[in-house]
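Please treat every number below as a calculation from the coordinates, not as lab data. Quick caveat: nothing in here was measured; it's all calculated off a predicted structure. Please note: Cβ atoms are built from the backbone with ideal geometry, for glycine as well, and neighbour counts cover all protein chains shown.
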């Protein structure tokens, strides 16, 4: 039993490291220190725990009034509170560790790892709740999903710290975008769980919906990463390492 538990959480940790490495590779100019990455991940996990307590309190509050929250409300509560929590991690780091959060791409890098920390905390909670003995196949998807949402939501902070035009607007839009995709993803997941518990059958449209939303998230994430990388090159006055194209100041 102890050995299976060790293997379970070791596998989860390895998945987290591999998915995190995929995001860290985008930080190619002034690579963030490992201690800052670990700090962002830890803060993401801590604020995810607080977000979970807020969600439980809200659900219980409605239950005490004899009201049951529908799936759309539960999903909205989770999506908004968790994405705000990830954004807060990046904002706090930008305030307290300004010499590290100082490039346009840094908002997405730290937001991604705040999301990874949030995902790891949620995975540990879910695995403990289910008394799992092996890593379910959906856990890597959970890790990647939260990382993507956190990166999208943190995009605007990189613009705030570099005083880019309309940075506040972009920060708000990025947060709302991350929360919207997250909420829709949870709507599909909650409905799938409800239907599966009733019929023990997984509907094809739940799988298709989850895959489609994840693809949307990946496309948005990649587009914002490309934009943040371009802004970073212009900010630093360096050349694109892939295409060798240079800004005028390079």
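Give me the angle, in degrees from 0 to 90, between the Cα long axis of helix 2-24 and the longest principal axis of the Cα atoms of the chain, rounded to the nearest 10.
Helix 2-24 sits roughly 30 degrees off the main axis of the chain.
Taking the Cα atoms only, what angle lies between the long axis of helix 139-161 and the longest principal axis of the chain, rounded to 10 degrees?
40 degrees
Please give the contour-minus-distance gain from residue 31 to residue 172: 0.36 nm per residue of separation, less the Cα-Cα distance, rounded to one decimal in nm.
48.1 nm
Compute the convex hull volume of the Cα atoms of segment 1-145, divide it by the residue count, and report the result per residue in Å³ as a whole number.
Hull volume over Cα atoms, normalised by residue count, gives 124 Å³.
What residue among 22, 167, 114 shows peak mean-square fluctuation when the chain is described by a Gaussian network model with Cα springs under 10 Å?
Among 22, 167, 114, the largest mean-square fluctuation in the Gaussian network model of the chain belongs to 22.
Taking the Cα centre of each part, how many Å lie between segment 142-209 and segment 38-99?
The two parts, judged by their Cα centres, are 13 Å apart.
How high is the relative contact order of segment 107-245, in percent, counting Cα pairs under 8 Å that sit 6 or more residues apart?
Once normalised by length, the contact order is 24 percent.
So what does log10 I(q)/I(0) come out to for segment 163-236 at q = 0.23 Å⁻¹, using the Debye formula with one equal point on every Cα and no solvent?
So the normalised log intensities are -1.03.
For the chain, what is the mean residue ellipticity at 222 nm derived from helices alone (per DSSP H run of n ≥ 4: -39500 (n - 2.57); sum divided by total residues; nearest 500 deg cm²/dmol)?
Roughly -28000 deg cm²/dmol at 222 nm, from the helical runs in the chain.
Estimate the FRET efficiency between residue 134 and residue 102 by the formula 1/(1 + (r/R0)^6), using the beta-carbon distance for r and 25 Å for R0, to the nearest 0.05.
0.05
Classify segment 1-87 as rounded, prolate or oblate, taking a ≥ b ≥ c as the square roots of the eigenvalues of its Cα gyration tensor: rounded when a/c is under 1.5, otherwise prolate if a/b is larger than b/c and oblate if not.
Since a/c reaches 1.5 but b/c is at least a/b, the shape of segment 1-87 is classed as oblate.
Any idea what the relative contact order of the chain is, in percent, if you count C-alpha pairs under 8 Å spaced at least 6 apart?
22 percent
Go through 85-97, 219-231 and give me the packing order, highest mean Cβ count within 10 Å leading.
Top of the packing list down: 85-97, 219-231.
Separation between the residue 58 and residue 200 pseudo-spin-labels, each 7 Å from Cα along Cα→Cβ, expressed in nm?
My value for the distance between the label points is 3.5 nm.
Residue 126 to residue 222: FRET efficiency via 1/(1 + (r/R0)^6), r the Cβ-Cβ distance, R0 30 Å, to the nearest 0.05?
0.65
Once you place label points 7 Å from the Cα toward the Cβ at residue 95 and residue 17, how far apart are they in nm?
3.4 nm
Compute the relative contact order of segment 1-146 as a whole-number percentage, counting only Cα pairs closer than 8 Å that sit 6 or more residues apart in sequence.
43 percent
By its C-alpha gyration tensor, with a ≥ b ≥ c as the square roots of the eigenvalues, how is the chain shaped: rounded for a/c under 1.5, else prolate for a/b larger than b/c, else oblate?
The shape class here is prolate.
What angle, in degrees between 0 and 90 and rounded to the nearest 10, separates the Cα long axis of helix 167-199 from the longest principal axis of the Cα atoms of the chain?
Taking Cα atoms only, the helix is inclined about 20 degrees.
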